[in-house]
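The values are calculated or read from the model by the stated rules, or taken from the named source; none is laboratory data. Fair warning: this is a prediction, and the values are worked out from it, not measured in the lab. No Cβ is skipped: glycine too gets one built from the backbone with ideal geometry, and neighbour counts run over all protein chains shown.
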Amino acid sequence: MGDIFLKLLNMSITAGWLILAVICIRLIFKKIPKWVICLLWGFVAIRLICPFSIESRFSILPSTEPIRSSTVVEGEVHNYIPSIDSHLPIVENTINPMLTESFAYNESNSAAPLQVVTYAAGFVWCFGMVLLMICAMVSAIRLYRLVREAVCVKDNIYICDAVKSPFILGIIRPRVYLSSALNETEMNYIVSHESAHLKRKDHWWKALGYLLLCVYWFHPLCWAAYALLCRDIELACDEKAAKDMTFDEKKEYSKVLLSCARQRSLIMVCPLAFGEVGVKERVKSILNYKKPALWIMIAAAAVVGILAICFLTDPRREKEEGASSAFDAADGEEDLNVENIGTENGSAENGSIENGYMETGRESPEQMDDGQAQEDDRIDVISRFMDIPWDEIESIPDVGFYDPSRWDKVICIGEIPEYDIRVYGYNDEDISGRGVAIDIAGDVNYFDWFYTTPQQIMPNLYWDEEERQLQIAFHIYTGTGASADEFVILQQYDTGTLVPHYFTYNDYTDILSKRIGYSFDNGSRELTLIDKVTGREVASVAIPEGEISEIIGIEGGNISYFELGESIKLFVRPGFFREGSAIPEYGGMPFLEFEVEREWVTTASGNTEISFDIGELVGVHQDGE
Amino acid sequence: MAEIQLGVIEARYADMIWEHEPVTSSELVKMTATAFNWKRTTAHNVLRRLIDKGLFRNDNGLVTAVISRDEFYSMQSRQYVEDTFAGSLPAFVAAFMQGSKITAEEAEAIRRMIDRAEES
């Protein structure tokens, strides 16, 4: 019940935009023939009936799901926490966080607050809908009672003493009921008007409109739409009749309208029968009616076309949503780290992890330049991982180590028993060394990360109990001239979700390149490393002779590792390049020990995240340290 | 007697009863079924209304008139003159004639009516 109501609520909001547009068009383009406007109301009906539509770039609608039953926080999908999808920054930054907070729930609760709210709302909606339907039935029954005494005049036209204002009753076999006190002229005009209604099948459209109103009664614009629809139906019929009338005939017709006019309360007297609505407006339109000029018809066609394209189509789902929608599972959290890596260091969307692999020359079937294939793989890992029953995973006893014959689908790649933390890695015939599941005291998060290389060096873990942060250094850059970590801090929230913050290989090598300078004395063959921030010389290395003497550059980062803890350290061994060589050499170079600085910052898009930097140089360690 | 209003269809029904009275109610049902396509209950309901208005009477299924058709319509006319011409018969007649001439026969009939009315 609650889910149906939520879906209807979203559909009504999107239809509401269309209703507003039609109302505006009605006001602005007064010369458009009313039957065209009725067609536009038909579009509204389509929007209210069809749960989906074709996607197009031209859709003006902000979203097909303005009220989401799940929120994306820092790239993680939380179900049952509502959010409003409006694409307005003010909503993203103020309202959605408030919703997240007020609807936050412990996974141990049996039902999230949002579930309860939507369930209750669903009941209220159902009640309202049934009430309205009963109203219609009661009105219909009353009218049928009334016309029991009617007498047939001709075909489906009846006269009745008790009928004051003419109406049509019945959907399958509609009958026109007239007052018995009408004279012949009056009767002729009215019959022609009501017959026009029947020819246009208005009795069906009005009934459909009321049915939709029963379903969408909670949306005020729907009431406006129904009222205007009734008006427009009458006006369209008048236009159809007035088309072939002389001016005198039009006057007569108006007189008849007036004499039959009756005060009608808004809509509800009987929704299935209809009579005169808005007499003044109708008389004016009849007397002034002129056959519409060609340009008006062309303009009308254009308006209809534009409206259809803009409002009957759905907005394209954005790429980021596309990625997450593939992960939409009821349990388990998904990771959008692709997005994060891409934006943080500006590298290609595939992220630095893939680049690292290419440098090491590791061959793996999934490592193709075809972005699309990798996209599919990305999705595949997590779903494959989640297919494995959790008790199988929990029962893995030891932290595994590399032995191809011993690879099962999952190995344990790290643990901190004191805090009940275990980290698992996925591996099968197609996907190797990729796919991570982190279990912290029963809360499990899945990430699509590479966690190791052919050298099979397992990641380091550190859990900061006070900050509730898990630090992981994955040793995934290995190969010729490279042995480096990728570092991530995962912030744990009360819901058990882990949100990753990365200090990527590219990030810190960038910083290091601006940090470590050098000077080389060819005569003494001394290479001096300089800390560019303080300007101090930090180390001097004697460069052994080689074929080429000139040193043309140094770089830091390719050999580095993190030491985790309350204070995080980055150990870097710079390498130097001889002229003409692209391979860095490390002979005699010390390890520089840097402090890693981190702080919470708010980005331009309004998210809070951890920003990393390399701080003080706290140590220089020569060989053997 | 209070003003009695009859709708067009009611009037038709009443005329039917005056034409055929005394008549059984089941006969009336058959007649209205043919003429109006009414159900039995509808015929009874409208009859009930006419009886309540004082036009007819139903004794064990036999319907008879309480006042005759002429009586009824003359009552209506008198009521109309009362309402529209403040009860002034001359004014009504003047309006009825609207300045047109009456024939010799009509004048004679009216004179006889006046004599009769004056006497009683």
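Before moving on, here are some points about what is shown:
- Of the residues making up the stretch A:167-199, those that are over 57 Å from the mean Cα position of the chain (by Cα), without any contact (Cβ under 8 Å) to a residue 40 or more places away in the chain and in a helix (DSSP H, G or I) are A:Glu184, A:Met187, A:Asn188.
- Unmet criterion (only one of (1) touching a Lys or Arg at 6+ places or on another chain (Cβ under 8 Å); (2) within 12 Å of chain A (Cβ to nearest Cβ); (3) not in a loop (DSSP other than H, G, I, E, B)) for B:Leu47: (1)
- Scope the stretch A:562-612; condition more than 24 Å from A:Lys532 (Cβ to Cβ) and among the aromatic types (Phe, Trp, Tyr); matching residues: A:Trp600
- Verdict on B:Arg57 being part of a helix (DSSP H, G or I) and surrounded by fewer than 16 Cβ atoms within 10 Å (Cβ to Cβ): no
- Reported count of residues in the stretch A:528-547, each being of a type in the set (A, V, I, L, M, F, W, C) and farther than 11 Å from A:Pro590 by Cβ, is 4.
- Members of the stretch A:125-166 that are more than 23 Å from B:Ala11 (Cα to Cα) and in contact (Cβ under 8 Å) with a residue 60 or more places away in the chain: A:Trp125, A:Cys126, A:Gly128, A:Met129, A:Leu132, A:Met133, A:Cys135, A:Ala136, A:Ser139, A:Ala140, A:Arg142
- Within the stretch B:25-43, the only residue that satisfies the criterion of being within 22 Å of A:Asn183 (Cα to Cα) and either surrounded by fewer than 18 Cβ atoms within 10 Å (Cβ to Cβ) or without any contact (Cβ under 8 Å) to a residue 24 or more places away in the chain (or both) is B:Ala35.
- Residue within the stretch A:495-513 that is farther than 30 Å from A:Arg468 by Cβ and surrounded by fewer than 20 Cβ atoms within 10 Å (Cβ to Cβ) present: yes
- Residues being crowded, with 16+ Cβ neighbours inside 10 Å and either in contact with a helix residue (DSSP H, G or I) (Cβ under 6 Å, 6 or more places away or on another chain) or modelled with pLDDT under 70 (or both) - total across the stretch A:92-118: 6
- Test for A:Ile552: is it in contact with a Lys or Arg (Cβ under 9 Å, 6 or more places away or on another chain), assigned to a strand (DSSP E or B) and free of Cβ contacts under 8 Å to residues at least 24 places away in the same chain: no
- Extreme residue, nearest to the other protein chains (Cβ to nearest Cβ), among residues of the stretch B:4-19 that are more than 16 Å from B:Val63 (Cβ to Cβ) and of a type outside the set (A, V, I, L, M, F, W, C): B:Gly7
- Every residue from the stretch A:278-296 that is touching a residue at least 40 places away in the same chain (Cβ under 8 Å), closer than 13 Å to A:Lys30 by Cα and in a loop (DSSP other than H, G, I, E, B): A:Tyr289, A:Pro292
- Among the residues of the stretch A:520-540, just one is within 17 Å of A:Gly619 (Cβ to Cβ), surrounded by fewer than 14 Cβ atoms within 10 Å (Cβ to Cβ) and in contact (Cβ under 8 Å) with a residue 24 or more places away in the chain, namely A:Thr534.
- Which numbered condition A:Arg468 misses (of (1) in contact with a helix residue (DSSP H, G or I) (Cβ under 9 Å, 6 or more places away or on another chain); (2) modelled with pLDDT of 90 or more; (3) surrounded by fewer than 20 Cβ atoms within 10 Å (Cβ to Cβ)): (1)
- The lone exception for B:Pro22 - which of (1) loosely packed, with under 14 Cβ neighbours inside 10 Å; (2) at the interface with chain A (Cβ under 9 Å from one of its Cβ atoms); (3) in contact with a strand residue (DSSP E or B) (Cβ under 9 Å, 6 or more places away or on another chain) it fails: (2)
- Residue that is farthest from B:Val46 (Cα to Cα) [pool: residues in the stretch A:149-183 that are of a type in the set (Asp, Glu) and within 12 Å of chain B (Cβ to nearest Cβ)]: A:Asp161
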